[in-house]
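First comes the structure, then the notes that go with it.
The values are calculated or read from the model by the stated rules, or taken from the named source; none is laboratory data. The structure displayed is predicted, hence computed values, not measured ones. Using ideal geometry, Cβ is built from the backbone for each residue, glycine included, and neighbour counts are taken over all protein chains shown. Note: accessible area is taken over every heavy atom of the protein model, side chains too, but ligands, DNA and RNA are not part of it. Shrake-Rupley method; radii C 1.70, N 1.55, O 1.52, S 1.80 Å.
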Amino acid sequence: MRRAGKVLSAAVLAAFPLAVAAQASAPSMTAAEKETGKRIYFERCAGCHGVLRKGATGKNLEPVNMLKLGQNRLETIISLGTDGGMVNFDDIMSKEEITTMAKYIQNQPDVPPEFGMKDMMASWKMIVPPEKRPTKQMNKVNLKNVFSVTLRDTGEVALIDGDTKKIVSIVKTGYAVHISRLSYSGRYVYVIGRDGKLDLIDLWMEQPAVVATIKIGSDARSVDTSKFKGFEDKYAIAGSYWPPQYVIMEGNTLKPLKLVSTRGITVDGEYHPEPRVASIVSSHIKPEWVVNIKETGQIRLVDYSDIKNLKETTIESAKFLHDGGWDASKRYFLVAANASNKIAVVDTKDGKLAALVDTKKIPHPGRGANFTHPKFGPVWATGHLGADVVTLIGTDPQKNPQHAWKVVQELKMHGAGNLFVKTHPKSANLWADAPQNPERDVAESVAVYDLKNLEKAPEIINIAKLAGLPESKAIKRAVHPEYSEKGDEVWISLWAGKTEPSAIVVLDDKTRKVKTVIKDPKLITPTGKFNVWNTQHDIY
Ligand code: DHE
């Protein structure tokens, strides 16, 4: 074995047996194949498996493990998916691309460059400075009921007027936008792309548009703002997957102020080089953000009252933290440690872990759903990617201590593959989707539970059939129920292929009947929808 023209000694070989073995028999690739592999890995694989391929929601894909499986087996797995929850890729990748990806993951991972303050400053653009922005709302739209809708495959968000169901603007954003979050005032929408591009949209403009933009890394998922009294609209925070870090910015300009690495030690006491920032949420009762670090399982409470002398409380929970939301009182934050099959509960008042709750396989709450159960008092709900139930957890240690932080009920779903559940304080329904289920009928349908009678089986509504869209090869996945400001309508995206028609189906929450189907050639691959009022006030 030769490296840099030298024969490696037996001692060196013994010290690095796995890496050397992996490189020794990895299939060779042309430069063009490597480029394709790198691009597809970032777009389709890194989210679950990590840039360094150490594994999180998805399995470890380091060459030592991939070489054991070999080219044919890897091609089959990528094509058809696995029982473990990996979806099939044969409908979105060509045969050649699948062959390339099977080769790519048997080779050593590419390590992307770091992205520091200098890079951020160079990417930061102030398009409309604060002093040139309107001093009052210049359009006639009911801003509280605007929905910021992710158009996943076009790198855009559609701002839709919830009253008229008309598109107000389509705004160019980062690649495969992930989430939108609101400033405390509800004036600004923050949109983060998977490519780490963060855009600030001013809803007061006659035609709402991006007023500032920055790149905070090369792979990102989360953003939030400061919501505590005295800090309203003052700061924004965004977390990245690569490099593993978070950045605090000026709220109305996105000027980066403070960069903090999240590399460190897991709850098992081992160093991890890629602890990615998963969900971030802003406390209403303290000047604090809850920053959830995926691979380490450490939850950081970041006190933003003095960012020059930044204080962090590190709460040990469980590995593979992902998404989560507040309980109804907004004191407790519940976050899925998804590949550990647990929900971690943080008491943000006391700054401590309140509980680790065991659940069925791969909990995936989105932000979850809160309601008062007729038998168990206040509960928070999560669905699961790997099980066909919605889990209800008691959340009231003060008045219902016997149920607090316990799974009090599991509601049967029409299949596994759930991503999001949703209800609203004014609603008597709980909606749950199943877009990751491999069966068309299941993925195109949602389950609706009657909160007054949770013993009753849910109503299963096939959203795709209601939309009247033409037949398509790709499944029209019904995804992400979101309420209107008043809580009387539920909006559900139909997420089809990039070249196929998609839609948003609006249902009347009481009658569960279709009110409107929002169709527009520009509505390409709609997924997440964020109602301004509900997102601003964490209503779910
Ligand atoms: Fe998401 C939230 C990460 C795939 C739609 N997603 C989140 C959050 C994280 C995350 C960390 C929480 C952000 C927060 O609250 O601050 N998502 C990831 C991944 O790593 C993963 C598994 C793979 C990837 O490559 O990105 C992934 N997510 C998806 C999708 O494929 C979805 C279904 C479609 C899409 O648009 O990409 C998707 N994720 C969403 C949505 C939310 C979200 C709609 C916000 C839910 C909410 O109501 O707050």
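Overview of results
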| quantity | calculated |
| --- | --- |
| Pairwise label distance in nanometres, ASN462 with LYS38, each label 7 Å out on the Cα-Cβ vector | 4.6 nm |
| Estimated FRET transfer efficiency (ASP110, LYS375; beta-carbon r; R0 41 Å; 0.05) | 0.20 |
| Region 441-540 - convex hull of the alpha-carbon atoms, volume per residue in Å³ | 104 Å³ |
| Value of [θ]222 nm, deg cm²/dmol, for the chain, DSSP H segments ≥ 4, -39500 (n - 2.57) each, nearest 500 | -4000 deg cm²/dmol |
| Spacing of the two label points (7 Å from each Cα toward its C-beta) at LYS68 and GLU439, in nm | 3.3 nm |
| Quarter of Cα convex hull surface for the chain, i.e. mean projection, nm² | 25.4 nm² |
| Cα-Cα over 30 Å, subset of LYS349/LYS515; LYS140/LYS486; LYS172/LYS473; LYS38/LYS165; LYS68/LYS319 | LYS349/LYS515; LYS38/LYS165 |
| Cα shape, region 324-412, gyration tensor, a/c 1.5 rule | oblate |
| Amide H within-cut-off set for TRP495, under 5 Å, with H built and near neighbours excluded | ARG477, ALA478, VAL479 |
| With every protein chain in place, the chain: carbon and sulfur % of accessible area (1.4 Å) | 54 percent |
| Translational diffusion coefficient (Stokes-Einstein; Kirkwood radius from C-alpha pairs) of region 273-362 at 10 °C, 1.306 mPa s, in µm²/s | 123 µm²/s |
| Computed lengthening from ILE127 to ASP508, 0.36 nm per intervening residue step minus Cα-Cα distance | 133.2 nm |
| Cα centroid of region 239-265 to Cα centroid of region 33-104, whole Å | 29 Å |
| Computed E for GLU312/THR253 - FRET, C-beta separation, R0 25 angstrom, nearest 0.05 | 0.55 |
| Full-stretch length increase - LYS406, ILE92 - with 0.36 nm per residue and alpha-carbon distance subtracted | 109.0 nm |
| Positive-end extreme of charge dipole, region 333-441 - chosen from ILE343, VAL421, TRP380 (charges on Cβ) | TRP380 |
| Label-point separation, ALA31 to ASN142 (7 Å along Cα→Cβ), nm | 5.9 nm |
| Tensor-based shape of region 336-482 (alpha-carbon gyration tensor, a/c under 1.5 rounded, otherwise prolate or oblate) | prolate |
| DSSP-assigned coil residues among trypsin sites (Lys or Arg not before Pro) in region 106-202, each with at most 12 further Cβ atoms within 10 Å | LYS136, LYS140, LYS166 |
| GluC sites (Glu not before Pro) lying in DSSP loop within region 435-540, provided at most 12 other Cβ fall within 10 Å | GLU455, GLU471 |
